[in-house]
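> Sending over a structure as structure tokens; questions will come in a sec.
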Amino acid sequence: MSEPLRPRVTDLRAPALALARWIALLMGWVWLGEQGQRLGWSLASGVLAVALWWALRLVLAQRMWREAPARRTTLSLGVLAAAGAGFVARSDAGPASFWMLMALAALWAAWSAALDATAATANRCRRPWAGWPPVLAALISGSVLVMPVAQPLTGLPVSLVLLGGALLASATLPASPCRSPAPLTATGSLPQTAMGLMMGSLWLGSAWCANAGWSTPTVVGLHLLLMALLPGLVRLELVPHQLPPMARRALPLALVLAGGLLLWMEQTPANGMVGMVLLALAWALPVPAHAPVQTGLVRQQAVRWAPLGGPALLITVGAWSPTMGPQALALAYGGLSALAGLTLLAVLARETAQHLFRSTPPTTPRTGSASS
């Protein structure tokens, strides 16, 4: 009986690992942001914890782990993050609690980076239903975040969900470290920044959400489903992603351009919904397998660390929000839209120049008689 079951268990490892990774990702965005509002509102409107988690994930993915960590390391990080979340959730507001939250954000970032590195080395499941782990993770995360809990049990649901994610990931990981490919950050950094800004600023609120009259659980659920549903639809091929190379590079930038422009313009529910969908779709589209080669050390480093502009932008929005209100977030989206437009023009110009160069026939010296 064990032999027929072994292939099925193997097939379940990839979606199980994806479920654990998405739980850590979504809970990091939403729960850390919520606790930042509760414990650190006076500092950058409470976004420092989620910005630190976001930035450290990028740094660790770039430099610290050239190979996916071993199962014991990943499990230890997950268990510590689960325990720390329960402890922070029960703590009262104050400087000590805020710094405990910041330490938890750093630990959580290490766990998330470990899961990201492991997912990069794992064989992806090719079954159509493998696109649904992010949706299931969003439903689990949303249920935990809006669940009413008695005072003595504060933090217990969050800890149990994180602990379950850590154990689930541990059951699917190899015991020894694996080589991890270098993360591709040159292509797709603007969609990543736009999506991170949308999730990181969730608890700051926006004018169009207020105009729509939505409750906090509705806004949280909308953000979770947008981040989780569109990658699932892309994976199920309900959203086309098999595009020519030029379109694969240009389409995410065009979506960020349009989505950011809508969120910068008049703050209406229609503009807000369409803009968020466009940004989430830009982030969900797969990054091209081979990013364009950059020349020059300075340019390589600039492209490599460009995603760190996302956490910096989030902190800037948080610092400006007390004086500018929702306009601070709208201006950030407008800046991303302008940057996406400039990058899109550069991509189109480079592709057009390369196409003209390839289509121009080489000139050969003419031979024959010459007048003397």
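Every number in this text was worked out from the coordinates using simple rules, so none of it is lab data. All figures in this text were calculated on a predicted structure; none of them were measured in a lab. Neighbour counts run over all protein chains shown; Cβ positions are idealised from the backbone, glycine included.
> List every residue whose amide H lies under 5 Å from the amide H of residue 70, counting only residues 5 or more places away in sequence or on a different chain, with H placed 1.01 Å from N in the peptide plane.
Residues meeting the amide H criterion: none.
> Computed FRET efficiency, Cβ-Cβ of residue 215 and residue 349, R0 35 Å: what is it to the nearest 0.05? Intermediate values should be presented prior to the final figure.
Numbers: r = 46 Å, r/R0 = 1.32.
Taking R0 as 35 Å, the efficiency between residue 215 and residue 349 is 0.15.
> How high is the FRET efficiency from residue 324 to residue 41, r the C-beta distance, R0 22 Å, rounded to 0.05?
About 0.85, to the nearest 0.05.
> When the chain is fully extended, how far beyond the present Cα-Cα distance does residue 151 get from residue 247, taking 0.36 nm per residue of separation? Intermediate values should be presented prior to the final figure.
On the way: separation 96, 0.36 × 96 = 34.56 nm, distance 5.24 nm.
Taking 0.36 nm per residue and subtracting the Cα distance, the gain is 29.3 nm.
> Work out, step by step, the length gained on full extension between residue 72 and residue 90: first 0.36 nm times the residue separation, then minus their alpha carbon distance; give nm to one decimal.
Going from the current span to full extension adds 3.7 nm.
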